[in-house]
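Can you keep this structure in mind? I'll have questions shortly.
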Amino acid sequence: MAEPPLSPEVLTERFGPHPAYTPPGGWLNESRHLPDQLVKTHCCFCGQQCGIQLKVRGNRVIGFEPWEEFPFNHGMLCPKGVKRYLQGGHPDRLLDPLLRTSQGFRPATWDEALDFTARRLREVQENYGKDSVAIYGGASLISEKSYLLGKFARVALGTRHIDYNGRLCMVSAGTAYKLAFGVDRSPLPWSDILKAQVVLVAGANVAECAPITTDYLWRCRDTGGKLIVVDPRMTPICRNADMYLPVRPGTDLALYLGLLHVVLRDGLERRDFIGKYTTGFAQVAESVRAWDPRTVAEKTGVPPESIERAAHLFAKAERAIALHARGVEHQSKGVENCLGLINLCLATGNIGREGAGCAMITGQGNGQGGREHGQKCDQLPGQRSINDPEARAHTAAIWGISPDEIPQAGYSAVEIMEAIHRGEIKALLSACFNPLVSLPEANFTKEALEKLEFFGVVDFFLSETAHFADVVLAGSLQEEEEGIGCTAEGRVIHIRKAVDPPGNAKGDSWIYCELAKRLGKAKYFPYQSTREIYEELRQASRGGHADYFGITYEKIDQNMGVFWPCPTLDHPGTPRLFEDGRSFHSDGKHHFVVTEWRESGDPVSAEFPIYLTTGRVVSQYLSGTQTRRIGGLVDQYPNPRLEIHPRLAEQHGIKDGDWVTIASRRAEITLQAMVVKTIRPDTVFIPYHWPGGRSANRLTHRTLDPRSKIPEFKVSACRIRIASAPPDWAQAQLAKPAAPGKGTA
Ligand SMILES: Nc1nc2c(c(=O)[nH]1)N[C@H]1C(S)=C(S)[C@@H](COP(=O)(O)OP(=O)(O)OC[C@H]3O[C@@H](n4cnc5c(=O)[nH]c(N)nc54)[C@H](O)[C@@H]3O)O[C@H]1N2
Ligand SMILES: Nc1nc2c(c(=O)[nH]1)N[C@H]1C(S)=C(S)[C@@H](COP(=O)(O)OP(=O)(O)OC[C@H]3O[C@@H](n4cnc5c(=O)[nH]c(N)nc54)[C@H](O)[C@@H]3O)O[C@H]1N2
Ligand code: SF4
Ligand SMILES: [Mo]
């Protein structure tokens, strides 16, 4: 008799990651072997995209060497970069496509898996219409792949709905920079940080999440630069900061309005700059009038004197930089928060000059490049708007279709999951995204995934989300296909291919071209290599804001990267934007934009009186699919802990190491407490890299910023209590010590 289908929980239990995998004999031994070749490429993890040399023997990456000449990191790496090479030969690596049967997954041939996928996508579209199918992409993908995905959705499937995991990451910054400057890129290269007299770091845990940027901050301080940090937690860089502003979660905007208030009240603005290069100043000046330091202090918890002092420090500097990351962007007013910082920089004349400006610290490996060439629901290649008739005509001509065949803008990432939940979208094909762990309100995501009539995943590990798939297509690691990416600085880099995918795994780009063929669209996807895709991307981006036309793989190699825009082959690239005083808006001006205060989407109340914020730790990466499998990383921080201030802990009778249940309006989870003095006493913090009972996203909510559609991961309301017993996941870990092949997820 056939067994009933296995539930995702059972699948996770049986096939979850090998915890703390280290190969027999130890990888470090193996990395001492002489390689056949050293391949100069980049780390696959964060948006710094540090240069690294991979040691390759046969078809395996066996270690790494520093790449000291690469100018961004000069050979330095963080713990994740040092361990990334352990993924290729990992025993969890998917070596065949998998098809779901009543008893779980079985390996399949590529023909079977691809035929099945194409047939199901076609059937769903025939039954429910083109837009009943959605595509998820990811910003760990090289740009060739993200370009290909955008074209695949619009040309092979003809669906409106394609979006990507960067929607959970950078889009508030992108939206704000487009509004202010007409372009979505950090306006400055990181070498500018060394020249600044003041750097304000807002909502960025630089030491753990952009570790190499820490070195830039220290070098800036070495030459007298001052550092101001805005965060509800004293992150490691605060140890050497000149000022720490302990902002209450979700209240950044008030702080930036207050800083500008003091600047204008005390006449510290740069009138000549404002008059010559900007528009909209008068309205913004009017809008900050009510935000005096006392009012702001009440909202934010930052003392009025600190607000005054920080404003003066920033405005009186000849060269000041504001750097920000997800702490300010992961809010339902993420766009306003970024605009608040931009307005401050514009009013003080800090843009378009060496050592001055504002910048988002890009998160994902190809977080910048991945949002430029068409996997965003609202964009076409070259950072063009999908609503712009000229952009549609340009792209259609490159693709060989008519402009009206390009679908209109579709839903963003969270909206796609909501449309799945209400039954509007019936099928999903997802590459490079682990939404079960990374989207807010995980129980809602789980319900949605269970409703899909067809679900296909492209990944190299069986992520928690992939457990829900009908088919899993075994794709490739970054080092298994050649291509380009774009770093936090706006520097376009060359990802070199080091090895072929192992076993029967395939390059991601091959998978999409084969699917397109089976959907009857082969002629639009004739590529034999990612290089051919890149040649088309260059043309497609030509004339757009993110113009890559003048950038070739060879030119990148010769110059250690080329900054876009780079419109012609003899153009040197553009490390710093707006040096001629002109923005990318048609009027050439930088636009001040008025920002309006509103409360967060999950406010604290008598019932849920504590702020909950979420984020990262240095040894884990994103949803953890990759780093939870790597020995030497997972043992540094094996399970999430609840960071809590001694005073709040004492009020609840909690001691360090106690099990604490955290309840939000959605769900509750139980974690061990880590009592630390480095967090506000009204706030708790949980890193989000884990699934199931350890998932911070069971607690978070689905409120989005209305313009950027980013979820409010940084502000939820919760309450806490001592747990009566350790949670199931902890008991399971105790009962079953980590052994190869029997991990818990
Ligand atoms: N080790 C590691 N590095 C990574 C990643 C990773 O997963 N692990 N991921 C990469 C990616 S994709 C990203 S997006 C980046 C993220 O990099 P960061 O944005 O630096 O990291 P987070 O931990 O998400 O949040 C940053 C800080 O915001 C603070 N914060 C919370 N709420 C608020 C608030 O209301 N206001 C302010 N001002 N601050 C607040 C938190 O305390 C935290 O210190 O890191 C990249 N690098
Ligand atoms: N509560 C809370 N939630 C958050 C955040 C937070 O701060 N708090 N941060 C948000 C942010 S900033 C981000 S960026 C998201 C990230 O969330 P996700 O994008 O879901 O996280 P990843 O771990 O990058 O998932 C990517 C999947 O793609 C696979 N993958 C990686 N590279 C490739 C590739 O080249 N090809 C293929 N085929 N697959 C690949 C990995 O194995 C993994 O399974 O999480 C968001 N979620
Ligand atoms: S800082 Fe980022 S890119 Fe550099 S080694 Fe660490 S994870 Fe990799
Ligand atoms: Mo991110």
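The values are calculated or read from the model by the stated rules, or taken from the named source; none is laboratory data. Computed from a prediction, not measured in an experiment: that's the story for all the values here. As a convention, Cβ positions derive from the backbone with ideal geometry for all residues, glycine included, and neighbour counts pool all protein chains shown. Side chains are part of the model used for accessible areas, which takes the heavy atoms of the whole protein and leaves out ligands, DNA and RNA. Shrake-Rupley method; radii C 1.70, N 1.55, O 1.52, S 1.80 Å.
Each row is one residue, and each column tells you yes or no for (1) open to solvent by 10 Å² or more (accessible area, probe 1.4 Å); (2) in contact (Cβ under 8 Å) with a residue 40 or more places away in the chain.
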| residue | (1), (2) |
| --- | --- |
| K451 | yes, no |
| F455 | no, no |
| F461 | no, yes |
| A474 | no, yes |
| E481 | yes, yes |
| V492 | no, yes |
| R496 | yes, yes |
| K506 | yes, yes |
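Are there any helices (runs of 4 or more DSSP H) wholly within the range 176-275 with 3 or more residues that are within 30 Å of G573 (Cβ to Cβ), and if so which?
206-209, 211-222
Report, by residue number, each residue of the range 296-333 that is basic (K, R) and over 28 Å from the mean Cα position of the chain (by Cα).
Result: K299, R309, K316, R319.
Every residue, every condition in (1) surrounded by fewer than 24 Cβ atoms within 10 Å (Cβ to Cβ); (2) modelled with pLDDT of 95 or more; (3) over 13 Å from L323 (Cβ atoms), yes or no:
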position	(1), (2), (3)
T159	yes, yes, yes
G166	no, yes, yes
F181	no, yes, yes
L200	no, yes, no
G203	no, yes, no
P236	yes, yes, yes
R239	yes, no, yes
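Just to be sure, is L259 within 16 Å of ligand 1 (Cβ to nearest atom) and buried (at least 23 other Cβ atoms within 10 Å of the Cβ)?
So L259 passes the test.
Could you please find all residues in the range 50-83 being open to solvent by less than 10 Å² (accessible area, probe 1.4 Å) and closer than 17 Å to A498 by Cα?
Once the filter is applied, which keeps residues that are open to solvent by less than 10 Å² (accessible area, probe 1.4 Å) and closer than 17 Å to A498 by Cα, the range 50-83 yields G51, I52, L54, V56, I62, G63, G81.
Just for the range 569-611: of the residues that are in a loop (DSSP other than H, G, I, E, B) and among the β-branched types (V, I, T), which one is most open to solvent (accessible area, probe 1.4 Å)?
Residue satisfying both the conditions and the ranking: V594.
State yes or no: is T445 open to solvent by less than 10 Å² (accessible area, probe 1.4 Å), within 21 Å of E329 (Cα to Cα) and either at pLDDT 95 or above or part of a loop (DSSP other than H, G, I, E, B) (or both)?
In short, no.
Cβ-Cβ below 7 Å, separation at least six or inter-chain, first residue in the range 388-405 and at pLDDT 95 or above, second among the polar types (S, T, N, Q): which pairs?
The qualifying pairs are A391/S385; A396/S402; I398/Q539.
Among the residues of the range 99-111, is any within 16 Å of ligand 4 (Cβ to nearest atom) and buried (at least 22 other Cβ atoms within 10 Å of the Cβ)?
No - not one qualifying residue is present in the range 99-111.
Out of the range 508-526, which residues are open to solvent by 30 Å² or more (accessible area, probe 1.4 Å) and of a type in the set (S, T, Y)?
Y524
If I filter the range 696-713 for residues that are away from ligand 4 (no atom under 16 Å from the Cβ), outside the structural domain of E329 (by TED's automatic domain parsing), farther than 26 Å from V247 by Cβ and modelled with pLDDT of 95 or more, do I get at least one hit?
Scanning the range 696-713 turns up no residue that is away from ligand 4 (no atom under 16 Å from the Cβ), outside the structural domain of E329 (by TED's automatic domain parsing), farther than 26 Å from V247 by Cβ and modelled with pLDDT of 95 or more.
Moving to a separate point now. For the range 612-625, give me each residue that is small (G, A, S) and in a strand (DSSP E or B).
Answer for the range 612-625, where residues must be small (G, A, S) and in a strand (DSSP E or B): just G615.
Let me ask something else. How about the range 536-589: which of its residues are over 30 Å from F152 (Cα atoms), charged (D, E, K, R) and over 24 Å from the mean Cα position of the chain (by Cα)?
D570, E579, D580, R582, D587, K589 - these are the residues of the range 536-589 that are over 30 Å from F152 (Cα atoms), charged (D, E, K, R) and over 24 Å from the mean Cα position of the chain (by Cα).
With respect to G653, determine if the residue is in contact (Cβ under 8 Å) with a residue 40 or more places away in the chain, touching a Phe, Trp or Tyr at 6+ places or on another chain (Cβ under 7 Å) and among the small types (G, A, S).
So G653 does not fit the description; no.
Looking only at helices (runs of 4 or more DSSP H) that lie completely in the range 293-369, which have at least 3 residues being at pLDDT 95 or above and open to solvent by 10 Å² or more (accessible area, probe 1.4 Å)?
Correct list: 293-300, 304-316.
Okay, next question. Sort through E536, E514 and tell me the only one that's charged (D, E, K, R) and either without any contact (Cβ under 8 Å) to a residue 12 or more places away in the chain or closer than 22 Å to E372 by Cβ (or both).
One residue alone meets the criteria, E536.
Right, next: Every residue in the range 629-669 that is at pLDDT below 95 and either within 16 Å of ligand 3 (Cβ to nearest atom) or open to solvent by less than 20 Å² (accessible area, probe 1.4 Å) (or both), please.
Once the filter is applied, which keeps residues that are at pLDDT below 95 and either within 16 Å of ligand 3 (Cβ to nearest atom) or open to solvent by less than 20 Å² (accessible area, probe 1.4 Å) (or both), the range 629-669 yields R629, I630, G631, G632, L633, V634, Q636, Y637.
While we're here: Considering (1) within 12 Å of ligand 1 (Cβ to nearest atom); (2) in contact with an Asp or Glu (Cβ under 8 Å, 6 or more places away or on another chain), say which one R326 fails and leave the rest.
Among (1) within 12 Å of ligand 1 (Cβ to nearest atom); (2) in contact with an Asp or Glu (Cβ under 8 Å, 6 or more places away or on another chain), the lone unmet condition for R326 is (2).
Go through (1) more than 16 Å from ligand 1 (Cβ to nearest atom); (2) within 30 Å of E479 (Cβ to Cβ) and name the single condition K178 misses.
Evaluating K178 over (1) more than 16 Å from ligand 1 (Cβ to nearest atom); (2) within 30 Å of E479 (Cβ to Cβ) leaves (2) as the failure.
Just a yes or no: is a residue in the range 355-369 in contact with a Cys (Cβ under 7 Å, 6 or more places away or on another chain) and more than 16 Å from ligand 3 (Cβ to nearest atom)?
Among the residues of the range 355-369, at least one is in contact with a Cys (Cβ under 7 Å, 6 or more places away or on another chain) and more than 16 Å from ligand 3 (Cβ to nearest atom), which makes the answer yes.
Still on this model: Output the qualifying pairs, or none if there are none: Cβ atoms under 6 angstrom, residues six or more apart or on different chains, first residue in the range 122-146 and within 16 Å of ligand 1 (Cβ to nearest atom), second residue open to solvent by less than 10 Å² (accessible area, probe 1.4 Å) and assigned to a helix (DSSP H, G or I).
Qualifying pairs under 6 Å: G137/S146; G137/L149; A139/G166; A139/G370; S146/G370.
In the range 462-482, which residues are within 16 Å of ligand 3 (Cβ to nearest atom) and either in contact with a helix residue (DSSP H, G or I) (Cβ under 8 Å, 6 or more places away or on another chain) or not in a helix (DSSP H, G or I) (or both)?
If the condition is that a residue be within 16 Å of ligand 3 (Cβ to nearest atom) and either in contact with a helix residue (DSSP H, G or I) (Cβ under 8 Å, 6 or more places away or on another chain) or not in a helix (DSSP H, G or I) (or both), then L477 is the only one that fits.
Assess whether P681 counts as being touching a His at 6+ places or on another chain (Cβ under 8 Å) and surrounded by fewer than 24 Cβ atoms within 10 Å (Cβ to Cβ).
So P681 passes the test.
Would you check which residues across the range 417-455 are of a type in the set (V, I, T) and touching a Leu at 6+ places or on another chain (Cβ under 7 Å) and list them?
Across the range 417-455, the qualifying residues are I420, T445.
Considering only strands (runs of 3 or more DSSP E) fully contained in the range 1-73, which possess at least 3 residues that are modelled with pLDDT of 95 or more?
It comes to 37-42, 51-57.
Can you tell me which residue among R106, R100 is in contact (Cβ under 8 Å) with a residue 24 or more places away in the chain, in a strand (DSSP E or B) and touching a strand residue (DSSP E or B) at 6+ places or on another chain (Cβ under 8 Å)?
R100
Report, by residue number, each residue of the range 408-441 that is open to solvent by 20 Å² or more (accessible area, probe 1.4 Å) and closer than 27 Å to P526 by Cα.
Q408, A409, C432
Take the range 144-175 and flag every residue that is part of a helix (DSSP H, G or I) and of a type in the set (S, T, N, Q).
If the condition is that a residue be part of a helix (DSSP H, G or I) and of a type in the set (S, T, N, Q), then S146, N165, S172, T175 are the ones that fit.
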